Amino acid sequence: MNILGIETATRSVSVAVIFDDKIVAETIRESPQSFSETLLPQVEGVIKFADAFNHLDAVAVSLGAGSFTGLRIGLATAKAVAYAWNLKIIGVPTLQALAYNFPSAKVLPLIDAQKNRAYCQLFEKNVPLSDLEVKPIAEAVTDAGRLDGEIFLCGDVLHKIKVPLPPNVKLAPPNLQLPRASSVALCGADLIASGKVDNVMNLEPLYIRRSEAEELWEKRHGK
């Protein structure tokens, strides 16, 4: 299965191509420019570098939780590629893709939910042990310290942790801290192999909570 992976849930934009579970090309870029300006050239460059034109079977895209704007742009791009080239499309939960990098450990991905909060979900050996929820960052770290065994933290809010790490809680290595398109693609390949394929017309991001704009509108209008 040859898959294009797209990851735009955080400040880091990542695109990758895998051929039969082998990573053949990947770019990871943090850019001050809008994702809408950089993502398509990045997709084109990775496909060209991998010589994947006319060889792709599917597109795997990170669904969230994460940046509302980033998720919308990433999904719109994935849908456009899948529709134009008649490819399968598979949505991959962002935290699940992060946990994919830790196949033999407990891991707690933390993705920025603004206002010192994080989207979090505990995994062990790629299997979720809890529901996806939003917590204050300090509370998520403290709760992890109450669990048995060593737990790795990853995600884009590690620099915002202001409380001491409990003895059993460790930060993931820098190369495994942020979501990567290669993990999205590999995780997507597993989902497709299990028989799951999404519909390009109705696939939606996994937002979890309302946007800041929606919350502000309701506050102003007394909702």
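Every number here is computed from the coordinates shown, using simple stated rules; none is lab data. From a predicted model like this one, the values you see are computed outputs, not experimental measurements. Please note: Cβ atoms are built from the backbone with ideal geometry, for glycine as well, and neighbour counts cover all protein chains shown.
Counting only DSSP beta bridges with both residues in the chain, the antiparallel share comes to about 60 percent.
Give me 146, 29 ranked fewest to most by other Cβ atoms within 10 Å of their Cβ, as a rough exposure proxy.
So the ranking, lowest neighbour count to highest, is 146, 29.
Give me the base-10 log of I(q)/I(0) for the chain at each q in 0.09, 0.13, 0.15 Å⁻¹, Debye formula, one uniform scatterer per Cα, rounded to two decimals. Scattering profile of the chain, log10 relative to I(0): -0.36, -0.73, -0.95.
The distance between label points at residue 86 and residue 208 comes to 3.8 nm (points 7 Å beyond Cα on the Cα→Cβ vector).
What whole-number volume per residue, in cubic angstrom, does the convex hull of the C-alpha atoms of the stretch 77-140 give?
Convex hull volume per residue, Cα atoms: 102 Å³.
One chain, two ends: residue 196 and residue 130. Fully extended at 0.36 nm per residue, the span grows by 21.6 nm beyond their Cα-Cα distance. A Förster radius of 45 Å, combined with the Cβ-Cβ distance separating residue 162 from residue 54, puts the computed FRET efficiency at roughly 0.35.
In plain terms, the residue of 119, 83 with the fewest other Cβ atoms within 10 Å comes first and the most crowded comes last, giving 83, 119. For the chain, with a Gaussian network of springs between Cα atoms less than 10 Å apart, report the residue from 115, 88, 170 with the top mean-square fluctuation. Most flexible of the set in this elastic network: 115. Mean-square fluctuations from a GNM of the chain, with a 10 angstrom spring cutoff on Cα atoms, peak among 205, 103, 167 at 167.
Couplings for the stretch 122-128, taken from phi via the Karplus curve 6.51 cos²θ - 1.76 cosθ + 1.60 with θ = phi - 60°, read 8, 10, 9, 6, 6, 9, x Hz in order; Gly and Pro are left as x.
Which one of 113, 36, 96 is farthest out on the positive end of the charge dipole of the chain, using unit charges on Cβ (Lys, Arg +1; Asp, Glu -1) and the Cα centre as origin? Of the listed residues, the answer is 113. Beta bridges assigned by DSSP with both partners in the stretch 1-94 are antiparallel in approximately 60 percent of cases. Top mean-square fluctuation among 92, 134, 184, Gaussian network model of the chain, C-alpha springs under 10 Å? For the chain, modelled as a Gaussian network with Cα springs under 10 Å, the answer is 134.
Over 28 Å between C-alpha atoms is what I'm after, so list which of 88/115; 135/196; 79/170; 106/196 land there. It would help to have the intermediate numbers written out before the result.
Values: 88/115 37 Å; 135/196 30 Å; 79/170 37 Å; 106/196 25 Å.
Too far apart for the 28 Å limit: 88/115; 135/196; 79/170.
Would you give the gap between the C-alpha center of the stretch 125-185 and the C-alpha center of the stretch 1-61, rounded to a whole Å? Each part reduced to its Cα centre gives a spacing of 25 Å.
Calculated on the alpha-carbon coordinates, the convex hull of the stretch 102-176 measures out at 81 cubic angstrom per residue.
Taking amide H as placed 1.01 Å from N in the peptide plane, residue 207 has no amide H partner under 5 Å among residues 5 or more places away or on another chain.
Taking amide H as placed 1.01 Å from N in the peptide plane, residue 170 has its amide H under 5 Å from the amide H of 151, 152, 153, each at least 5 places away in sequence or on another chain.
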